[in-house]
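First up is the structure itself, then whatever we jot down about it.
The values are calculated or read from the model by the stated rules, or taken from the named source; none is laboratory data. Every value quoted in this text rests on a predicted model; they were computed, and no experiment measured them. As a convention, Cβ positions derive from the backbone with ideal geometry for all residues, glycine included, and neighbour counts pool all protein chains shown. Areas reflect the complete protein model, heavy atoms only, side chains present, ligands, DNA and RNA absent. Shrake-Rupley method; radii C 1.70, N 1.55, O 1.52, S 1.80 Å.
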Amino acid sequence: MKLLKKIVPFLLVVFVGIQFIPTKRNQSTEVLETDFSKTFSVPANIQNMFEKSCYDCHSNNTNYPWYNKIQPISWLLENHIKEGKKEFNFSEFGAYSKRKQKNKLKSLASQIRDNEMPMESYTLIHSDAKLSDSDKEQIIVWVNKLRDSL
């Protein structure tokens, strides 16, 4: 019991202290010329699905939830976004080589088909990001046509 009385205040001080450590925010008002939507003629319904389900982690502009200012959650979000952008960045897609674009589009279609994207951990909190079977089929068909045209 004495140990618990020492650990709890210590953990509370640490928790409060880490709130003052800033994180890098992934926000930009600029839509780059290399953005997916400027590189290709994306149908509005497909673009809307991408923006709702993908752009927060896979673009240069994240719409942050209210809890993003709480550490260590903010660190986890920052790392998740960094990793997501490394794998596929809608904002910089036009700068990829044609070969890389084809590979990324193939991966996008397969991850949506296999229910790997959007991630369940994301859709638990962002229910509007869930893709219906019809949404998935529309995206997959369109992405495969785009890939074949490159």
Cα-only Debye scattering, segment 23-149: base-10 log of I(q)/I(0) at q = 0.12 Å⁻¹: -0.44
Å² of accessible area per residue within the chain, as computed with a 1.4 Å probe and no ligands counted: 66 Å²
Charge dipole of segment 23-149 about the Cα centre (unit charges at C-beta), most positive-ward option of THR62, PHE88, VAL141: PHE88
Dipole magnitude of the chain, debye to nearest 20 (Cβ charges: Lys/Arg +1, Asp/Glu -1, about Cα centre): 600 debye
More than 15 angstrom apart: percent of Cα pairs within segment 37-93: 52 percent
Crossing angle, helix 98-113 versus the chain [Cα axis fit, 0-90 degrees, rounded to tens]: 70 degrees
Normalised contact order of segment 1-75, rounded percent, pairs of Cα under 8 Å and 6 or more residues apart: 39 percent
In degrees, nearest ten, helix 2-18 long axis to first principal axis of the chain (Cα): 50 degrees
Apportionment of accessible area to carbon and sulfur, segment 23-149, percent (1.4 Å): 51 percent
Subset of LYS38/LYS69; LYS24/LYS98; LYS24/LYS104; LYS69/LYS104; LYS52/LYS104; LYS6/LYS82 violating a 29 Å alpha-carbon distance limit: LYS38/LYS69; LYS24/LYS98; LYS69/LYS104; LYS6/LYS82
Net charge, ASN26 excluded, C-beta distance under 11 Å - Lys, Arg +1, Asp, Glu -1: +2
ASP133-LYS6 pseudo-label distance in nm [points 7 Å out on the Cα-to-Cβ vector]: 6.0 nm
Charge dipole of segment 23-149 about the Cα centre (unit charges at C-beta), most positive-ward option of PHE36, ASN48, SER97: SER97
Relative contact order (percent, whole number), segment 43-150, Cα cutoff 8 Å, 6+ residue spacing: 32 percent
Residue-averaged [θ]222 nm for the chain, counting only DSSP H segments that reach four residues, each worth -39500 (n - 2.57): -18000 deg cm²/dmol
Pair VAL14, LYS82: separation of 7 Å Cα→Cβ label points (nm): 2.1 nm
Probe 1.4 Å - accessible area at VAL13, Å² to nearest ten: 100 Å²
Radius 13 Å from Cβ of SER53, net charge of other residues (Lys, Arg +1; Asp, Glu -1): -3
